[in-house]
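Undergrad: Mind looking over this structure? Questions follow.
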Amino acid sequence: MENNILIEATRKDQYIFDLSKDLLDILLQDRTTNEYIKWACSDYVELGEEYKPEEIIRPYQIVGHNTNIIKPRIIKTLEQKSTRTKENAEVFSPSWLCNQQNNLVDTSWFGHENVFNIEILHDWVTIINKIEFPNVKGKSWKDYIDCRRLEITCGEAPYLVSRYDAVSGEKIDLINRIGLLDRKLRVVNENVNNEEEWYKFVIRAYQSIYGFELQGDNLVVARLNLLYTFIDNFHFKWKKDPTIKQLKKIATIISWNIWQMDGIKFTVPYGKSRPKHIQNPLFDGYEEKILDLEKPYCLIKDWRSEKIQTYKSMVQ
């Protein structure tokens, strides 16, 4: 299948690199280890020692003549898909299923069904009218933007952003997107008409969504999908390109909020110690414990309080 979204998907990393070398560098950062994220899959070992699962993904490995190395799942061979399913239980959900489950979240939050769309078998019809919010304290559109959402084992993050169907590869127009972040950005687009204010609430929307993934290539695709979603919405709203400074700000949030983690152990894959001095404050004296670990527990950021803590401390 060679539709536009799939052709574009194999060139995202090169495009970002061409915009700014620093931008791709940000998107490859692991905020727990202060290094790059790791490959954490065996799909690329035939390319050399630097592509082993425990090795980091270096920018030069995925740009230039290596531009097409990392591909979204839909472009991978059937053999690759089968192997990844067997070894890592990798199964991607079609957009209609993501929509149904995301609708359950919004039905609970709004108190009624059919907020963003109406489900029709394995499809949906988008509600075109401006989204209305309950006349209840804590249920304003700003509250919706700030409400935190997490996609576990996120793969390419189809529950967060739905630029294309992760199973079919079919492109999804902006108005019809159903991801949790897509919905927040639609609400911002509908309620803010000042560019500075719009950007402020878009930042808050990005700060409110989280996801983790083990395999490095999936994580790269997920992070790129989130950054491209920002570009898509900026074009839609303002009919121009965002600045490099704006892109770097969004990319930094993405690099914190969409992180690499072993979802069973809550650690970075294969482990790596941090530098002895951590600039960011941690909750409850976790600093010393984390530094002593061969496989440090993954860190996440609370953007409202500007504090950092381990993901493990939140779930156990």
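Undergrad: Please work out the average accessible area per residue across region 134-278, using the 1.4 Å probe convention, and give it in Å². Don't jump to the answer; show the numbers that get you there.
TA: Working: 5720 Å² over 145 residues.
It amounts to 39 Å² per residue over region 134-278.
Undergrad: Quick one: accessible surface of residue 140, probe radius 1.4 Å, all protein chains present, in square angstrom to the nearest 10.
TA: Surface open to solvent at residue 140 totals about 50 Å².
Undergrad: Okay, moving on. I'd like the accessible area for residue 186: 1.4 Å probe, protein heavy atoms, all chains in place, Å² to the nearest 10.
TA: 30 Å²
Undergrad: Order 261, 314, most accessible first, counting only protein heavy atoms with a 1.4 angstrom probe.
TA: The ranking, largest first, comes out as 314, 261.
Undergrad: Which order, highest average first, do 169-176, 18-25 follow once you tally other Cβ atoms within 10 Å for each residue and take the mean per peptide?
TA: Taking the mean over residues of other Cβ atoms within 10 Å, the ranking is 18-25, 169-176.
Undergrad: When all protein chains stay in place, what accessible area (Å², nearest 10, 1.4 Å probe) is found for residue 36?
TA: So the heavy atoms of residue 36 present about 50 Å² to solvent.
Undergrad: Now for a separate question. Decide, for region 145-188, between rounded, prolate and oblate: order the square roots of the alpha carbon gyration tensor eigenvalues as a ≥ b ≥ c, take rounded if a/c falls under 1.5, and otherwise choose prolate if a/b is larger than b/c, else oblate.
TA: Here region 145-188 falls in the oblate category.
Undergrad: Give the calculated FRET efficiency between residue 123 and residue 34 to the nearest 0.05, with a Förster radius of 30 Å applied to their Cβ-Cβ distance. Before the final figure, lay out each step's value.
TA: Numbers: r = 44 Å, r/R0 = 1.47.
Approximately 0.10, to the nearest 0.05.
Undergrad: When a/c reaches 1.5 or more, the comparison of a/b and b/c decides; with that in mind, is region 113-242 rounded, prolate or oblate per its Cα gyration tensor?
TA: Rounded, because the longest to shortest axis ratio a/c is under 1.5.
Undergrad: Listed here are the pairs 139/237; 71/142; 184/301; which of them are more than 29 Å apart at the Cα?
TA: Pairs exceeding the cut-off: 71/142.
Undergrad: Only bridges whose two residues both fall in region 102-239 count here: according to DSSP, what percent of them are antiparallel, nearest 5?
TA: Details: 5 of 8 bridges.
Roughly 60 percent of the beta bridges in region 102-239 run antiparallel, per DSSP.
Undergrad: Quick one: pull the percent of accessible area on region 108-197 belonging to carbon and sulfur, 1.4 Å probe, ligands and nucleic acids left out.
TA: Working: 2330 of 4740 Å².
On region 108-197, the fraction of accessible area on carbon and sulfur atoms equals 49 percent.
Undergrad: Please work out whether region 199-250 counts as rounded, prolate or oblate from its C-alpha gyration tensor, where a ≥ b ≥ c are the square roots of the eigenvalues and a/c under 1.5 means rounded, while otherwise a/b larger than b/c means prolate and anything else oblate?
TA: prolate
Undergrad: Follow-up. For residue 244, what is the net charge nearby, where nearby means another residue's Cβ is under 15 Å from its Cβ and Lys, Arg count +1, Asp, Glu -1?
TA: +1
Undergrad: I'd like the FRET efficiency for residue 243 and residue 306, computed as 1/(1 + (r/R0)^6) with the beta carbon distance as r and R0 of 25 Å, rounded to 0.05. Don't skip to the answer; put the middle values down first.
TA: Values: r = 24 Å, r/R0 = 0.94.
The formula returns an efficiency of 0.60 here.
Undergrad: Once you've got the Cα coordinates, tell me which of 21/295; 249/307; 200/312; 200/248; 38/295; 21/245 are over 19 Å apart.
TA: Numbers: 21/295 29 Å; 249/307 17 Å; 200/312 30 Å; 200/248 14 Å; 38/295 13 Å; 21/245 13 Å.
Going by Cα-Cα distance, 21/295; 200/312 fall outside the 19 Å limit.
Undergrad: Would you please state which residues of region 104-142 a label at residue 168 would reach in this model, taking the label point 7 Å out along Cα→Cβ and a backbone N cut-off of under 17 Å?
TA: Under 17 Å, as judged by backbone N against the label point of residue 168, lie 118-126 of region 104-142.
Undergrad: Let me ask something else about it. Expressed as a whole number of Å, what is the distance separating the alpha-carbon centroids of region 93-117 and region 170-227?
TA: 16 Å
Undergrad: Further question on the same structure: Going from most exposed to least, what order do 312, 307 have by accessible area with a 1.4 Å probe?
TA: Of 312, 307, the descending order of accessible area is 307, 312.
The values are calculated or read from the model by the stated rules, or taken from the named source; none is laboratory data. Since we're looking at a predicted model, the values are computed, not measured. Don't worry about glycine lacking a Cβ; one is built from the backbone with ideal geometry, like all the others, and counts go over all protein chains shown. SASA here: full protein model, heavy atoms, side chains in, ligands and nucleic acids out. Shrake-Rupley method; radii C 1.70, N 1.55, O 1.52, S 1.80 Å.
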